[in-house]
Amino acid sequence: MALFTHLLVKILPLYVIVVLGFVGGRYLKIDGRSVSVLTIYIVAPFVVFGSLATTPFSALHLVLPLIFYILCCSISVFSYFVTGRLFHDGTRNLLGFASGDSNTGYFGLPVAILLFNPAMVGLYLLSSVCMVFYENTLGYYFLSRGTYSTRQAVKNMLSLPLLWATAAGLAMSFFTPDFGPEFADLLEKFKGAFSVLGMMI
């Protein structure tokens, strides 16, 4: 019971932020797209890069994300071709993407930031690297293919900063760089911004 109460106290503020986001969108007419673009293209890549780059990993740590990435892609491809028999429009693309996806980012990462210390947040991010890569590679390709040509879909996929931030953060982590306390302080500020903006979206 004590553990449940502890988790509830930690997670409850996230739901308060969700309600505030709803109020802001409904009654203050805040442009949700602008907040999403800011979060996806600036805040999230910095959080992912900083968290991964400052957490030392070994090659062995990458085995689990690789397995999950293959699993997500396999489920997505299977769903895409099966639903293609039922739908002949963009619906199959949406279902193909959604079948392999989960909300490890906007909800999962803020919860991890609230519950765990920075080292554990880094490990959480490593375990969800597969989802970041899936969403920003095959998943995004499927979504783009609903509207764009194959070439443009691949081009759109390669333009996503979160994909490059993840790759750069993982590569940097193997060199165990010392960014200093200033970077750590800045990273904490971005994590806070990500938690608030992500939950409001």
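The values are calculated or read from the model by the stated rules, or taken from the named source; none is laboratory data. As the structure is a prediction and not an experimental result, all values here were calculated from the model. Neighbour counts run over all protein chains shown; Cβ positions are idealised from the backbone, glycine included. The protein model used for the area step is the full one, side chains on, heavy atoms only, and it has no ligands, DNA or RNA in it. Shrake-Rupley method; radii C 1.70, N 1.55, O 1.52, S 1.80 Å.
In percent, what relative contact order does the stretch 114-166 have, based on Cα pairs under 8 Å that are 6 or more apart in sequence? Reported relative contact order: 38 percent.
Might you tell me the accessible area per residue for the stretch 91-201, computed with a 1.4 Å probe and given in Å²?
Numbers: 5430 Å² over 111 residues.
Ligands and nucleic acids excluded, the figure is 49 Å² per residue.
Screening the chain for whole DSSP H helices of 15 Å or more along their axis (Cα) with average Kyte-Doolittle hydropathy at least 1.6 returns 2-27, 63-83. Contact order for the stretch 128-201, expressed relative to its length and based on alpha carbon pairs under 8 Å spaced 6+ residues apart, stands at 28 percent. Of the options (i) 47; (ii) 54; (iii) 58, only one is percent of Cα pairs over 22 Å apart as computed from these coordinates, and that is (ii).
Using Cα centres only, tell me the gap between the stretch 99-162 and the stretch 178-193 in whole Å. Between the Cα centre of the stretch 99-162 and that of the stretch 178-193, the gap is 22 Å.
Could you work out the relative contact order of the chain, using alpha carbon pairs under 8 angstrom and six or more residues apart, expressed as a whole percent?
Worked out over the chain, it gives 40 percent.
Along the charge dipole of the chain, pointing to its positive end and built from +1/-1 on Cβ of Lys, Arg, Asp and Glu, which listed residue (S58, A153, L7) has its Cα farthest out? Value computed over the given set: A153.
Rank by packing, highest mean first: peptides 83-92, 46-55, with packing defined as the count of other Cβ atoms within 10 Å averaged across residues. Could you put the intermediate results ahead of the total?
On the way: 83-92: 12.2, 46-55: 23.7.
Ranking, from highest mean packing down: 46-55, 83-92.
For the stretch 94-201, state which chymotrypsin sites (Phe, Trp or Tyr not before Pro) are in a DSSP loop and have at most 11 other beta carbons lying within 10 Å of their beta carbon. Mind showing how you got there, number by number?
Values: sites: F97, Y106, F107, F116, Y124, F133, Y134, Y140, Y141, F142, Y148, W164, F174, F175, F179, F183, F190, F194; in loops: Y106, F107, F116, Y148, F174, F175, F179.
When the chymotrypsin sites (Phe, Trp or Tyr not before Pro) of the stretch 94-201 are filtered for loop state and at most 11 Cβ neighbours within 10 Å, F175 remain.
In order along the stretch 138-149, phi translates into HN-Hα couplings of 4, x, 5, 4, 4, 4, 5, 5, x, 10, 10, 6 Hz, rounded to whole numbers, per the Karplus curve 6.51 cos²θ - 1.76 cosθ + 1.60 with θ = phi - 60° and x for Gly and Pro. Relative to the Cα centre, the charge distribution of the chain, modelled as +1 at Lys and Arg Cβ and -1 at Asp and Glu Cβ, gives a dipole magnitude of about 600 debye.
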